[in-house]
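Quick notes on the structure that follows.
Throughout, read-outs are computed from the coordinates displayed, never taken from laboratory work. All values derive from a computational prediction rather than experimental measurement. Glycine gets a Cβ as well: all are built from the backbone with ideal geometry, and neighbour counts include every protein chain shown.
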Amino acid sequence: MIPLLLIAQYSAPLAFAATGETIGQKSGVLNIGLEGIMLLAAYASVSVGLATGSPWMGMLAAIACAIALSLIQGFFTIILATDQVVAGTAVNLFALGLTGTLFALGAAKGESLSGAPRLPEMLPGVDPVLLLLPILVGCAAWGLTKTAFGLALRAAGEYPAAVESAGFSVTKLRLIAQGLNGLFAGLGGGYLALGLVQAFAENMTSGRGFVAIALVTFGRWKPWWALGASLLIGALEWAQVAMQGKSPLPIQFFTALPYLVALIVLVIAGKGTMAPGALGLAYRREK
């Protein structure tokens, strides 16, 4: 397979998640629970895919679970104004515990979460979900910058009081953004499981949700830039697999390399960036 296509496959889970997180952060919500949402989506995609024999049913299950968990988190952070970091951490712990328990129960019964149906390829190395990635990124970029809804959503992340004065509901805008964030996270988690490995393993997201959050900052809260940053990390992940057994360096070095580069890039690129003004801040409508 062409290395560029392999890089795109390894980049896709991060790119989907980073695009959704860009939308969410533009509305003023920091989704620390992205890691857990992707993990639950990965589990749902494999379990439903194996049960039905259809990768598409698996992807739908991943999206549905991710949207539901994202909106549950949104209920606490947006409606109840709970601290976003605390709520996101709770979501991560919940998803890690739930999927780990279900995985262990299945293993005790002799059930396996491997050999899930693979997404069909339209061309060698190109499946419909991978082909959908640049289309959805383009739609996100266009929607955020060229539509009235996108303008209102971005304003909710900058000046929520002004948005309310203009007749919009900050709560509704942020909940919609969280739903979209969940949709993209579901695509990312589902693609990780069905597009790459056709199996589920405990904690298989391995920090990808946190890396996706970092890539939003690296991408200056712009979907296309976030996609470019995801391709960089995806290239390193592909190199990690390609170099196994072919380098005198320990495998742990290549395993850690994508995360190390993401951290370095975040430190360098994060200087001087301007996050949305109300990012991470709960909003209460004035009476």
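May I ask you to give the average projected area over all directions of the convex hull of the Cα atoms of the stretch 17-66, in nm² rounded to one decimal?
3.3 nm²
Strictly greater than 13 Å: what percent of every Cα pair in the stretch 112-168 meets that?
Pairs farther apart than 13 Å: 71 percent.
Using the basic label-point model (7 angstrom from Cα toward the beta carbon), what is the Leu105 to Val197 distance in nanometres?
Each label point lies 7 Å from its Cα, and together they span 2.2 nm.
Reported to two decimal places, what Rg/Rh ratio describes the stretch 37-81 when computed on Cα atoms with Rh from the Kirkwood expression?
Working: Rg = 12.3 Å, Rh = 10.7 Å.
Ratio value, two decimals: 1.15.
Taking other Cβ within 10 Å of each residue's Cβ, how do Val170, Val46, Val129 sort, fewest first?
Sorted ascending by nearby Cβ count, the order is Val129, Val170, Val46.
With bins 10 Å wide starting at 0, give me the P(r) of the chain over every alpha carbon pair, in whole percents.
P(r) over the chain, rounded to whole percents: 7, 29, 35, 21, 7, 1, 0.
So, R0 is 35 Å and r is the distance between the beta-carbons of Arg285 and Ala242; what FRET efficiency does that work out to, to 0.05?
0.10
Eigenvalues of the Cα gyration tensor times 5, then square-rooted: what semi-axes does that give for the stretch 1-129, in whole angstrom, largest first?
Value: 27, 21, 12 Å, ordered largest first.
What does the charge add up to near Ile37, with Lys and Arg as +1, Asp and Glu as -1, over the other residues with Cβ less than 12 Å from its Cβ?
The answer is -1.
For a quick check: with amide H placed at 1.01 Å from N, whose amide H comes under 5 Å from Gly33's, ignoring anything fewer than 5 positions away on the same chain?
Gly88
Would you calculate, for the chain, the mean residue ellipticity at 222 nm contributed by helices, counting each DSSP H stretch of 4 or more residues as -39,500 (n - 2.57) and dividing by all residues, to the nearest 500?
Result for the chain, helices only: -23000 deg cm²/dmol.
Considering the Cα positions of the stretch 198-240, please state its Rg to one decimal place and its Dmax as a whole number of Å.
So, for the stretch 198-240, Rg and Dmax equal 11.7, 33 Å respectively.
Give me the number: length gained by fully extending Leu131 to Thr89, i.e. 0.36 nm times residue separation minus the C-alpha to C-alpha distance, one decimal in nm. Working shown, then result.
Numbers: separation 42, 0.36 × 42 = 15.12 nm, distance 3.21 nm.
Result for the pair: 11.9 nm of gain on full extension.
Kindly express, to the nearest 10 degrees and within the range 0 to 90, the angle between helix 148-158's C-alpha long axis and the longest C-alpha principal axis of the chain.
Long axis of 148-158 versus the principal axis of the chain: about 80 degrees.
What's the long-distance tail for the stretch 157-223, i.e. % of Cα pairs beyond 17 Å?
Percentage above 17 Å: 59.
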